[in-house]
1. F531 accessible area, nearest 10 Å², 1.4 Å probe?
2. Quick one: 3J(HN,Hα) in Hz for segment 859-876, Karplus 6.51/-1.76/1.60 with θ = phi - 60°, rounded, Gly and Pro as x.
3. Using 5 Å bins from zero, what percent of all Cα-Cα pairs in segment 711-840 falls into each bin?
4. Counting only protein heavy atoms and using a 1.4 Å probe, what share of the accessible area of segment 384-494 belongs to carbon plus sulfur, as a whole percent?
5. Using the Cβ atoms and a cut-off under 11 Å, what net charge is assigned to the surroundings of K471, where Lys and Arg are +1 and Asp and Glu are -1?
6. Only sites in a loop by DSSP and with at most 15 other Cβ atoms within 10 Å count here; which trypsin sites (Lys or Arg not before Pro) in segment 508-587 make the cut?
7. Please list, by residue number, every one of the trypsin sites (Lys or Arg not before Pro) in segment 438-511 that is coil in DSSP and has at most 10 other beta-carbon atoms within 10 Å.
8. How large is ³J(HN,Hα), in whole Hz, for each residue of segment 832-848 in order, when computed from phi with the Karplus curve 6.51 cos²θ - 1.76 cosθ + 1.60 and θ = phi - 60°, using x for Gly and Pro?
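The values are calculated or read from the model by the stated rules, or taken from the named source; none is laboratory data. Note that the structure is a prediction, hence the values are computed from the model and not measured. Cβ coordinates were reconstructed from backbone atoms using ideal geometry, including for glycine residues, and neighbour counts include every protein chain displayed. With ligands, DNA and RNA removed, areas are computed over all heavy atoms of the protein, side chains included. Shrake-Rupley method; radii C 1.70, N 1.55, O 1.52, S 1.80 Å.
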Amino acid sequence: MRLLAALWALLLAVSAVRSQTTGANGTCPVCFNCNARGCANFGECRSGACFCPDGFGDSDCSLATCGSLLAPADKRPVRAAGATCTCDGGFTGPNCNVCTNNDVCTKMPGRLVGTTYICNNGTKVWRTNHHTACTVKNPTLAGLFPGFTQLSMKRDLIAGSTIASLWYLNDPQFTCNITQCEQSWSSAATTWSCKDVSCKCNAGTKFCGGGGILDLTNSINTAKGMLNIVCDESTPTCNVAFEFLSGILPQGIALDECKFGECVDETASPLSGDSGQNVKTINTFGYVGLGFAGAAIAALLISLLIGCVQQRRHMHAPLLTEKPGVAISFKDVSYSIGQNVILSDISGEVPAGTMLAIMGPSGAGKSSLIDILAGKRKSGKIKGSIVVGDNMPLSSLRGISGFVDQEDVFQPTMTVREVIEFSAALRLPESITVVERRQRVQNVLDELGLSHIAESRVGDSLARGISGGEKRRLSIGVELVTNPSVLFLDEPTSGLDSYNAIQVMETLAGLAHKSGRTVVFSIHQPRSDVFARFDQILLLSKGSVVFFGASKHAAAHFADRGLPCPEGYNLADHLIDVATKHPDDARADTSSTAHSSDESRELRRRNLSESAQTLRDGSGAAMVASAVVEKSSPDNQVTVITETPAQPAAVSSTDLSARPRLATSFLTQLSTLLRRSRRHFWRKPGLFFAHTAIALVLGVFMGGLYWKSDSSLGGIQNRLGSIFFIQSLIGFSSLSAISTFTHEKLLFMRERSNGYYGAGPFFISKLLFDIVPLRIIPGIILTTIPFFMIGYTSGVDYYLRYMAIMVVFAGNCGLFCLAIGCAISEYGTAVLVASISLLFQMLFAGLLVNQVQITPALRWLQYLSFFKYAFEAVAVNDASGLRFVDQISGVEIGVAASVVLGKFGIDMDGYWRDFTISVGLFLALTTIVCLLVTFKLRERR
């Protein structure tokens, strides 16, 4: 036991001695221990020994070494204080660290397999081992310390660090460890700026209390602040400005006879794209992109100026005289789609201040006739003539009439008052004051009995709002606020119960009889008290007229033809039965069903006389009573009690395709639409919050998944994969644009057809309240979080370029989906086409398939993908500051990012080209969507 204890004590003693005998870089005398005495010149103390910076040696790193960087640090000869070095061939400087030719660098230890090292003698730092040696030329310093003074530096671009030493009479006076450094350059100079300086004096030297005129020990050891080095590109001169020496050297330290040397891989040059200069410098493509942006801004400003002038003219235009109801006459109106005849030779007239009900069974052509009379766009072929009032042109009818469709379509988040105010703001002249417009809105609310629900939201199937009857009256109200002379309605009682139906008809009767408006509507099967309010009826069957005349004469007319209405039976139901089952009998004079010919002739003459008198009373002097128009055939006789103008005007499909004249200027339309869009956006913010929340969650998830990707080969995979996945998320989240646009298309087409606004203001408001809040803002969130968490190449300029391309890309995705939604009316088909199209664009982004190896016949497809340009631009922006280093089978290899990405088919000089093309695609997609909205989204019936 005593022997074991003695052996254990001996081992401990030997261990203690060994801990004190390890030398500098493992070879210093046994008497030195850096744990107790420290290391000079910022050497690193490890296990009691100093590991010195390049060019320093001895046990405490206080002396300069000679030789060159080719020798291991512990084999370089140490020179005595005040002596000079004899450097190996190809190296120079106070401590032999600066290479002078390429040959010596090919022998550098630690050179990575597969690389060719050269000597970078330029002012720019390429990688991690850039050495500088300069002669100090400063009068102030020379006066204080006469003699030969030098400055040496080792700069590391990757770590952003610098080791700088000041030499006086060949001895190092003090050394500074400088961090947080960045490099920038122009054609004239290279600048190296650092934020944190820490210096140590070498005790006993001239600068640090060793007999010099001035002892700088305290100033140097407490040095802090910044360092700025500027080296001229054309001359071997530099200027070094230490913030802590600014008191005695305010102009900095002038350096001359500078020599630069860095043994480095030839592909690591910043000029080759790996340190970002080709990204930072705006090339021709960049200037073209800026030109596009400038032209767009100039066009916007010019348009705004023109819009202001137009708005001012509208606001000062004289008010037009409002006309009372006008008569409408139509003759031989026919309508067909291909070989299918919908209407055949329909004639009639509606006096001012009366109601015409167009009746008939389903498929009789009621809605088609209403559309034609109202001037709606039809897809088929139209013939015949229509005259409005005292020979007004048909195009004028759109400006003095209102049209209430069969389906009520409103913005569900708006209140009843806001819906009518929206119509008034866009369809009344701008010269009407706000007070007058609000009063007219209130009058309409009162007239239609909607005042008690004026502040209630309209609602929809998801959010309960006003009732069906109230919506129908609201539909009438948005037309009535313009005080139309003629009001057309398609099935105004469709879907309503009997109580609401009679309320609507009482409203229409009051508009015709009290306000003098002309009311024309289609109706399917009214009950008896509704039918009693009709002034005239036009009964259709299979596109032909069965009866046209005063409603009170309808029973006698059909009784005269052997089709009397049964006692107690609703006359309207009887007319529909006749039109459905006996349309030919209703028109025929047969012995089995007709009254005597004398009675029938007398009845028709009485009907004609009464109707003609009514027409003369209501329609003005321009209308002339005419005889009965008859279309005869061997078997039947069509009776049309009508009145025709002296000079009927022909009508065709072309006449109905003209755009309605808008009452307000472009800027007024735009501002009104923006107000409505803003209200809808904030009252229904679910989609915005969903996009934003998902962007936040996915951004954090992406950052965690690819956390701090390095510059290894695995890091390459992570960096490129993260870029691709982020852009994929942005692309597929844009599919929601199809859904939101599909819901608004019907409302837009309805309002545009009724003369609310044009396509331009709607498109701009859609951009501002869809592309910006639902595409761009979530896109910024989704891309910013991973940028910092993943560790993409940082810096303000890198981030701004990254965000610029990502914002444009998000806009392109949204516009692309909007274009699909415009072009394809069916929602499911539009989503399918957009999804497949996005997938194919992702295929050609540059990650899933090598673009260089694509079959030549298909290679052109990659240029149609906006994913390609965004992916390449972001990859170049990130990799421009990287060099990929990894180990394969224990051998460390390094390769420039340009080489790796080049194998993927990515052009390291392509950032500004890709950005410019992306901007061009944004403008092109904007134009395409605008054209689709203008020409595709038109109401066709």
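1. For F531, solvent-accessible area is about 20 Å².
2. 4, 5, 5, 4, 6, 8, 9, 6, 5, 4, 5, 5, 5, 5, 5, 5, 4, 5
3. Once binned at 5 Å, the Cα pair distances of segment 711-840 give 2, 10, 18, 18, 16, 12, 9, 7, 4, 2, 1, 0, 0.
4. Working: 1870 of 4130 Å².
Carbon and sulfur: 45 percent of the exposed surface of segment 384-494.
5. Details: positive: R472, R473; negative: E407, D408, D460, E470.
Local net charge: -2.
6. Of the trypsin sites (Lys or Arg not before Pro), the ones in loops of segment 508-587 whose Cβ has at most 15 other Cβ atoms within 10 Å are K514, R527.
7. Numbers: sites: R438, R440, R457, R464, K471, R472, R473; in loops: R464.
The qualifying sites are R464.
8. Working through the residues one at a time gives 4, 4, 5, 5, 5, 5, 5, 4, 5, 5, 5, 4, 9, 5, x, 10, 7 Hz.
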